[in-house]
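Read through the structure below, which is laid out as structure tokens, and then see the notes.
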């Protein structure tokens, strides 16, 4: 199984956000897990997809996970 990585620029483009936003998220500990290798930041595809899954919403007040727990 090949592990796919995205750099900061690629993830910012994927989500249509600025690279500065990703930098700020890392500094405050939010967003997807990331690797820091030799001073370079990389995001594993599986971590990006896990984070996206955790952000899924079914309404403005309830996440998919909350909905599943209440069912």
Between residue 14 and residue 27, what length comes free when the chain is fully extended (0.36 nm per residue of separation minus the Cα-Cα distance, one decimal in nm)?
-> 2.7 nm
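From the helices alone, meaning DSSP H stretches of at least four residues, give me the mean residue ellipticity at 222 nm for the chain, per-run term -39500 (n - 2.57), in deg cm²/dmol to the nearest 500.
Values: 4 runs with 35 residues, N = 71.
One gets -14000 deg cm²/dmol as the mean residue ellipticity at 222 nm.
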GNM top mover of 50, 42, 13 - the chain, alpha-carbon springs below 10 Å | 13
Please find, in a Gaussian network model of the chain (springs between Cα atoms separated by less than 10 Å), the residue of 18, 61, 27 whose mean-square fluctuation is greatest.
-> 61
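At 25 °C and 0.890 mPa s, grab the translational diffusion coefficient of the range 5-70 from Stokes-Einstein with a Kirkwood Rh over Cα pairs, rounded to a whole number in µm² per second.
Values: Rh = 13.0 Å.
So the translational diffusion coefficient is about 189 µm²/s.
Here, each number is a calculation from the coordinates, and none is a lab measurement. Because the structure is predicted, anything quoted here is derived from the model rather than measured.
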